[in-house]
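The values are calculated or read from the model by the stated rules, or taken from the named source; none is laboratory data. Computed from a predicted model, the values in this text were never measured in an experiment. Don't worry about glycine lacking a Cβ; one is built from the backbone with ideal geometry, like all the others, and counts go over all protein chains shown.
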Amino acid sequence: MKHIGVALTAAAALVLPAAPAQAATRIVPLDLAAGQQPENIALEPDGSADLTFAYTGEIGRVTPGGRVRVIARVPVPADGDVPVVHKKLFLGGIARDPAGNLYVAVSTGTAATGLYRVRPGGTPVKVASLPPSGFQNGVARDPASGDLFVADSFGSVVRRVSPRTGQVTDWATGDLLAPVSGFGANGVQVHDGAVWVSNLDRGTLVRFPLDGAPGRVAFTGLGPVDDFAFRGTTVVAAINQENRVVTAGRDGVRTILSTSDGLANPTAVAVRGGALYVTDSAYFGGSPNLLLVH
């Protein structure tokens, strides 16, 4: 079912003071010289974190003990030219299915652009082609259907992809997903009967019900929001260029982590139980890392 975005204005969010320091924080350093700039994250059952490294084509795994290793590589095309960033390849979102398959959004500016399935230790396989002119970003899996949702930051669209057939559908489109001058639709999550999408340029979080009802803005005033996660009804979001992680809920928006906690362009978060994982890409300075807060 295709959505056409209908803009509904949400109340402006109130920014509250930073939260007290967390009980325990651990930083796993990554290697900037080796291109280990993490763009997105998926969690394994044992607490390991699978990371997409933005420009190398590599998927890394960080164990609970802090060991970092590469588990798969998407080939980097020699003629690749990703729109705007002008790199040969960009790895965006990553999602895991119950069988352990990883699905990764790949942009190259060539016919190699698409959604890839990765089995650790195996060769990545493209399961669906996506427009080379787009910037394929966040990925989320619908646990009910097994389909994947992929955000195109330039195309003002979220596409639904069947990993079984490779069928691609423009599922949600419109101004709610459009950029202002740079990146629009960015992170994607499936939660509480809806597909949620962040719009980095507009600082918004948009909710598109899975039943086909019109999309609406759920949160505003977030700043340059990248990817995000849920803990119950509370949103936890990475605010990239501002080096913050915030929570958003009925009481507004609150900064819970900042540069003083080691943030350097946070791109994604993941929540499991009382643990919060944050990927820092250091696109604009600093050191890339995986931050783990209990």
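Considering only segment 68-99, state which residues are among the small types (Gly, Ala, Ser) and in contact (Cβ under 8 Å) with a residue 24 or more places away in the chain. Walk me through it before giving the result.
Residues of segment 68-99 that are among the small types (Gly, Ala, Ser), as a first pass: 72, 78, 80, 92-93, 95, 99.
Those that are among the small types (Gly, Ala, Ser) and in contact (Cβ under 8 Å) with a residue 24 or more places away in the chain: ALA72, GLY80, GLY92, GLY93, ALA95.
Looking only at residues that are polar (S, T, N, Q) and buried (at least 24 other Cβ atoms within 10 Å of the Cβ) in segment 153-188, which one is farthest from ASP226 (Cα to Cα)? Walk me through it before giving the result.
We begin by selecting, within segment 153-188, every residue polar (S, T, N, Q); these are 153, 156, 162, 165, 167, 169, 173, 181, 186.
Among the residues that remain, those that are also buried (at least 24 other Cβ atoms within 10 Å of the Cβ) are: 153, 186.
Working: SER153: 11, ASN186: 6 Å.
Only one residue tops the list, namely SER153.
Within segment 110-146, the set of residues being out of contact with any Leu (no Cβ under 9 Å at 6 or more places or on another chain), in a loop (DSSP other than H, G, I, E, B) and surrounded by 24 or more Cβ atoms within 10 Å (Cβ to Cβ) comprises just one member, PHE135.
Screening ARG159 with (1) more than 27 Å from ARG254 (Cβ to Cβ); (2) touching a Lys or Arg at 6+ places or on another chain (Cβ under 9 Å); (3) basic (Lys, Arg) gives one miss only, at (2).
In the set (1) within 15 Å of the chain's Cα centre (by Cα); (2) farther than 27 Å from ALA99 by Cα, the condition left unmet by VAL158 is number (2). Of PHE208, PHE149, PHE154, all but one fail to be in a loop (DSSP other than H, G, I, E, B) and aromatic (Phe, Trp, Tyr); the exception is PHE154. Among the residues making up segment 218-244, a single one is surrounded by fewer than 24 Cβ atoms within 10 Å (Cβ to Cβ), within 16 Å of HIS191 (Cβ to Cβ) and in contact (Cβ under 8 Å) with a residue 60 or more places away in the chain: ALA218. Only one entry in ASN240, ASN265, ASN199, ASN289 is polar (S, T, N, Q), in contact with a helix residue (DSSP H, G or I) (Cβ under 8 Å, 6 or more places away or on another chain) and at pLDDT 95 or above, namely ASN199.
Figure legend. Inter-residue proximity from segment 33-47: first residues at positive phi, second residues at pLDDT 95 or above and buried (at least 23 other Cβ atoms within 10 Å of the Cβ), beta-carbon distance below 7 Å, spacing 6+ or different chains. Indicated pairs: GLY35/PHE53.
This table checks each residue for (1) among the basic types (Lys, Arg); (2) out of contact with any Gly (no Cβ under 9 Å at 6 or more places or on another chain).
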{"residue": "PRO132", "(1), (2)": "no, no"}
{"residue": "ARG141", "(1), (2)": "yes, yes"}
{"residue": "LEU177", "(1), (2)": "no, no"}
{"residue": "VAL190", "(1), (2)": "no, yes"}
{"residue": "VAL195", "(1), (2)": "no, no"}
{"residue": "ASN199", "(1), (2)": "no, no"}
{"residue": "VAL206", "(1), (2)": "no, no"}
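Between TYR116, TYR103, the distinction of being closer than 15 Å to ILE41 by Cβ and in contact (Cβ under 8 Å) with a residue 12 or more places away in the chain belongs to TYR103 only. The combined condition, being buried (at least 24 other Cβ atoms within 10 Å of the Cβ), touching a residue at least 40 places away in the same chain (Cβ under 8 Å) and of a type outside the set (Gly, Ala, Ser), is fulfilled by VAL150.
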